[in-house]
Amino acid sequence: MPIATLKVGTLGTHKALGLAKAKGARFLLASTSEVYGDPEVHPQSESYWGNVNPVGPRGVYDEAKRAAETFVMAYHNAHGVETRIARIFNTFGPRMRKHDGRAVPAFVSQALAGEPLTVFGDGSQTRSLCYVDDLVEGLERLLFSDYHLPVNIGNPGELTVLQLAELIRELTGSPSPIDFQPLPVDDPRRRRPDISTAKRVLGWEPRIDLREGLARTIAWWTEGGPHARASAPAPAAAVTVDPVHGGDG
């Protein structure tokens, strides 16, 4: 849905900022590590401007988020709107949708079903996975801070996609084989946040390690997962985030 993705990220952000300005509201943008594209700097700090292909298939998401950040800064500078920008790195946890395109729900659902785990390329591309509880805490700290520049929110622990598949296979006790498929166009080769700003400004860093987070996620899945929880009442308060998609799972 390339045009819808562009319109939500750009025009949608513009409309929401206009509402924040009219109501005197504070505005937090759920941005993404995808603003860094396929990075030539590792790990990625907020000062890195990125390496994005504007005409590639991922450009509609990457550039929409980059434009959204520009809109946010323009409203902050021109209209004095209180704004915050969270650059969210790969996030996972319970309540993920089975077919949302990200690696963790794909691997978990495939492993539990005894199906081959689909790994794109040779699996050497890296990701850094943050458990959702840590992410939400980081977003809340950012929202109630006085810092208006972008902040990376993610876990600096880095592993390859193949290592992730093997770890999920181990934790689920699955005999599933690995099924290697062609690498998608412009899939980032490396992804790891520099969270120095979050540590300094927010006093935040992730506390839940990958194994524990995956164990919690798998437990939710084996207890019924998305089917059992579909009719469950929503929490009294919730934070909605826009997790990165595709190869960022």
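Within region 62-70, does at least one residue satisfy the condition of being surrounded by fewer than 23 Cβ atoms within 10 Å (Cβ to Cβ), polar (S, T, N, Q), out of contact with any Ser or Thr (no Cβ under 6 Å at 6 or more places or on another chain) and under 30 Å from T172 (Cα atoms)? No.
Applying a threshold of 6 Å to beta carbon distances and a minimum spacing of six or more residues, or different chains, the list of pairs starting in region 87-114 at a residue that is in contact (Cβ under 8 Å) with a residue 24 or more places away in the chain and ending at one that is basic (K, R) reads N90/R127; P105/K98; S109/K98; A111/R169. Of all the criteria given as (1) assigned to a helix (DSSP H, G or I); (2) surrounded by 22 or more Cβ atoms within 10 Å (Cβ to Cβ); (3) out of contact with any Ser or Thr (no Cβ under 9 Å at 6 or more places or on another chain), the one not satisfied by F107 is (3). Suppose we keep only residues that are under 20 Å from P184 (Cβ atoms) and of a type in the set (A, V, I, L, M) within region 5-47. Which one would you say is nearest to the chain's Cα centre (by Cα)? My answer is V35.
Would you point out which residue out of A219, A238 is hydrophobic (A, V, I, L, M, F, W, C) and at pLDDT 95 or above? Full working, then the answer.
Numbers: A238 fails: at pLDDT 95 or above.
The match here is A219.
When region 172-185 is limited to residues that are buried (at least 18 other Cβ atoms within 10 Å of the Cβ) and out of contact with any strand residue (DSSP E or B) (no Cβ under 6 Å at 6 or more places or on another chain), the one that is nearest to T222 (Cα to Cα) turns out to be T172.
Residues that are assigned to a loop (DSSP other than H, G, I, E, B) and out of contact with any helix residue (DSSP H, G or I) (no Cβ under 6 Å at 6 or more places or on another chain) were ranked within region 192-206; the one that is farthest from S47 (Cα to Cα) is G203. State which residue pairs qualify: first residue crowded, with 17+ Cβ neighbours inside 10 Å and inside region 216-235, second residue at pLDDT below 75 in any location, beta carbons under 8 Å apart, and separation of 6 or more residues or different chains. Note: pairs meeting the criteria are W220/R229.
The values are calculated or read from the model by the stated rules, or taken from the named source; none is laboratory data. In this text, all values refer to a predicted model and were calculated from it rather than measured experimentally. Using ideal geometry, Cβ is built from the backbone for each residue, glycine included, and neighbour counts are taken over all protein chains shown.
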